[in-house]
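These notes concern the structure reproduced below.
Read-outs throughout are calculated quantities, based only on the coordinates presented, and are distinct from any laboratory measurement. These numbers come from a predicted model, not from an experiment. Don't worry about glycine lacking a Cβ; one is built from the backbone with ideal geometry, like all the others, and counts go over all protein chains shown.
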Amino acid sequence: MRELELLYEGKSKQIYKTDSDDRVVIRFKDDTSAFYGIKRANIEQKGRITCDISSMVLEYLNANNINTHFIERVGDDGQLCRVVEHIPVEVIVRNVVAGSMAKRLGMDEGIIPENTIFDLVLRRSDLGDPLINDHHAVAIGLLSYDELAKMYEMSAAINNRLIELYEKAGITVVDFKIEFGRAADGTLVLADELSPDTCRLWDKETGERMDKDRFRRDLGRVRETYEEVAQRLHNVLK
Ligand code: TMP
């Protein structure tokens with residue numbers, strides 16, 4: 001596989017063409033941002049660490065029969081991935097009340113609901129990425145009811161596998177965001193990273209936040225904490 005020209009650059013990733021039409025290389029940047037790009041920083045080594053964590057997690061999901069776009073790690077900060085038709089919605093899975101849900105519903109962070117919560121968000125930054133429901137998603141032609149059912153089924157399976165993996169690392173999976181795509185044969189594929197940039201992860205003993213809230217809320221030690229997550233996963237998976 002040869003890595004060719006840059007196809008796309010976003011706030012935290014670059015996507016490169018390869019000599020194979022159905023493969024791209026995704027590179028993780030050290031740049032980080034929050035609140036629609038209002039708060040920005042460059043965190044040394046973040047690209048390498050989030051790539052490392054996401055590669056371990058996606059490999060674990062692949063091995064557990066969950067279809068992901070991840071094929072293999074390329075260097076320190078890259079992943080060789082399948083090309084998929086991206087679906088512009090985010091699924092947010094919540095095991096513990098935190099973040100925007102706590103704010104929107106006036107609840108304390110840390111409450112554990114009886115059921116797992118699945119939010120659907122439309123990826124339209126010009127509209128502020130609004131929360132939508134299944135009927136909106138079907139009405140605007142994003143995906144069918146059958147695909148939605150499959151997407152929630154996969155999201156629940158991913159949640160179970162993540163909880164199981166992070167439990168062994170002494171970490172609670174509070175919530176996370178995932179996006180999906182369609183492979184050439186139409187099957188749904190997880191096409192996203194899973195790292196402390198896109199998950200809330202709390203230390204089981206101390207409750208310490210081990211995720212991007214350290215950056216959002218100026219808690220300090222962002223890189224060191226991400227490193228700690230990577231190290232614990234390496235220890236679990238070695
Ligand atoms: P929220 O509390 O802001 O809704 O976020 C829930 C989880 O989803 C949290 O782990 C952060 C993650 N997330 C992203 O990674 N990207 C996003 O655009 C959003 C809205 C959430």
Nearest-0.05 FRET efficiency for R216 and Q45 at R0 = 25 Å, using Cβ-Cβ distance, is 0.85
Relative to the compact-globule estimate 2.2 N^0.38 Å (N residues), the Cα gyration radius of the chain stands at a ratio of 0.98
Here the FRET efficiency for M1 versus K150, based on Cβ atoms and R0 = 30 Å and rounded to 0.05, is 0.50
Note: L237 to D76 extended length (0.36 nm per residue) minus current alpha-carbon separation gives 56.1 nm
Gyration tensor on Cα atoms of segment 123-166, a ≥ b ≥ c root eigenvalues, a/c under 1.5 rounded, else prolate if a/b beats b/c, else oblate, says oblate
The chain: relative contact order from alpha carbon pairs under 8 Å, six or more residues apart, as a whole percent, is 18
Sorted by chain and then number, the residues having a modelled amide H within less than 5 Å of the amide H of V89, at least 5 places away or on another chain, are R123, F180
In segment 112-214, the trypsin sites (Lys or Arg not before Pro) that sit in a DSSP loop and have at most 15 other Cβ atoms within 10 Å of their own Cβ are R123, R124, K204
Correct response: the longest run of the chain lacking exposed GluC sites (Glu not before Pro), defined by DSSP loop and at most 16 other Cβ within 10 Å, is 115-204
Expressed in nanometres to one decimal, the distance between label points 7 Å along Cα→Cβ at R123 and I66 is 1.8
Over the chain, the sum of -39500 (n - 2.57) across DSSP H runs of at least four, divided by residue number and rounded to 500 deg cm²/dmol, gives at 222 nm -10000 deg cm²/dmol
Note, segment 166-175: 3J(HN,Hα) by Karplus (6.51, -1.76, 1.60, θ = phi - 60°), whole Hz, Gly/Pro = x, goes 6, 4, 5, 9, x, 10, 8, 8, 6, 7
Between D211 and residues 5 or more places away or on another chain, the pairs with built amide H atoms under 5 Å apart involve L201
From the cross-link list K150/K238; K103/K168; K39/K177; K103/K177; K46/K238; K11/K150, the entries with a Cα-Cα span beyond 26 Å are K150/K238; K103/K168; K11/K150
By the mean-Cβ-within-10 Å protection proxy, highest first, 23-30, 97-104 rank as 23-30, 97-104
Simple spin-label estimate for T206/L105, 7 Å along Cα→Cβ, in nm, reads 3.0
When the charge dipole of the chain is computed with +1 on Lys and Arg Cβ and -1 on Asp and Glu Cβ about the Cα centre, the Cα farthest towards its positive end, among I87, Y8, N64, belongs to Y8
